[in-house]
1. Output ³J(HN,Hα) for the stretch 111-125: one whole-Hz value per residue in order, computed from phi by the Karplus curve 6.51 cos²θ - 1.76 cosθ + 1.60 with θ = phi - 60°, and x for Gly and Pro.
2. Tell me, what ³J(HN,Hα) does each residue in the stretch 77-82 have, in order and in whole Hz, if you take phi through Karplus 6.51 cos²θ - 1.76 cosθ + 1.60 with θ = phi - 60° and put x for Gly and Pro?
3. Non-local amide H neighbours of D134 (under 5 Å, H modeled in plane, Pro and chain starts lacking H): which ones?
4. Which whole-Hz couplings ³J(HN,Hα) result when phi for each residue of the stretch 85-102 is put into the Karplus expression 6.51 cos²θ - 1.76 cosθ + 1.60, θ = phi - 60°, listed in order with x for Gly and Pro?
5. Give K59/K131; K127/K156; K95/K153 a once-over and call out the pairs whose C-alpha atoms are over 19 Å from each other.
6. Keeping all protein chains in place, calculate the accessible area per residue for the stretch 54-133 (probe 1.4 angstrom), answer in Å².
7. Relative to a virtual label point 7 Å from the Cα of L63 in the Cα→beta-carbon direction, which members of the stretch 77-100 show backbone nitrogen distances below 11 Å?
8. Beta carbons within 10 angstrom, averaged per residue: use that to sort the peptides 76-83, 127-134, highest first.
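The values are calculated or read from the model by the stated rules, or taken from the named source; none is laboratory data. From a predicted model like this one, the values you see are computed outputs, not experimental measurements. Please note: Cβ atoms are built from the backbone with ideal geometry, for glycine as well, and neighbour counts cover all protein chains shown. Quick note on the areas: whole protein, heavy atoms, side chains included, nothing else; ligands and nucleic acids left out. Shrake-Rupley method; radii C 1.70, N 1.55, O 1.52, S 1.80 Å.
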Amino acid sequence: MPRALVFVFLLSSVLVSCGGNQREVTLTPPPPPSPSPLEQRISANGPQELPISSPVDPKKLDLCTRHLLFADQYVTASDYPGAEDEIEAAKKYCKPSDPRLLYMEALIADINEKKEKAYELYYRAAKGYIKQGDMDSAFKCYSGMVSIKPNGKEVKELRRYFEDDNY
């Protein structure tokens with residue numbers, strides 16, 4: 001029995017002495033880096049929004065391209081009446097067979113639920129883009145056609161251009 005008491009006493013003294021030597025360690029994150037001179041100037045003036053600028057100067061574009069560019073921006077902003085106004089203005093300067101004009105007209109017709117008109121305009125635009133060799137734009141037109149009438153004869157006619165691995 002005395003051996004057991006000695007053992008318990010030694011064990012408790014070891015545990016107490018080990019437990020008593022522990023220190024509380026608190027971890028603090030390092031301070032943030034000091035702001036750069038540019039960050040200091042920006043924060044001194046308050047929050048700012050940078051304007052979105054076009055990579056192209058519209059004043060240097062021909063009027064057809066300029067109006068189509070603005071129409072595209074109106075469509076992107078969901079301002080469809082503004083896009084229609086720009087398309088009407090573009091018609092004064094673009095050739096009636098210009099695939100860019102036809103595509104924008106098709107897009108507006110599609111948005112306005114005039115599916116038959118949109119389908120026909122997408123088809124004419126796709127043929128124009130294929131003639132020019134702009135297959136990416138032709139594919140956008142083809143995709144619009146497929147969304148309207150997937151089994152149309154015009155879709156089947158154009159499908160051969162997009163059956164390879166690139167599309």
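1. 4, 7, 6, 9, 5, 4, 5, 4, 4, 5, 5, 4, 4, 4, 5
2. Using θ = phi - 60°, the values come out as 8, 6, 9, 5, x, x Hz.
3. none
4. Couplings: 4, 5, 5, 4, 5, 5, 4, 6, 10, 9, 5, x, 9, 4, x, 5, 5, 4 Hz.
5. On the way: K59/K131 28 Å; K127/K156 13 Å; K95/K153 27 Å.
Those over the limit are K59/K131; K95/K153.
6. On the way: 4670 Å² over 80 residues.
Value returned for the stretch 54-133: 58 Å² of accessible area per residue.
7. Hits in the stretch 77-100 for L63 at 11 Å: 89-94.
8. Numbers: 76-83: 13.0, 127-134: 15.8.
By packing density, highest mean first, the sequence is 127-134, 76-83.
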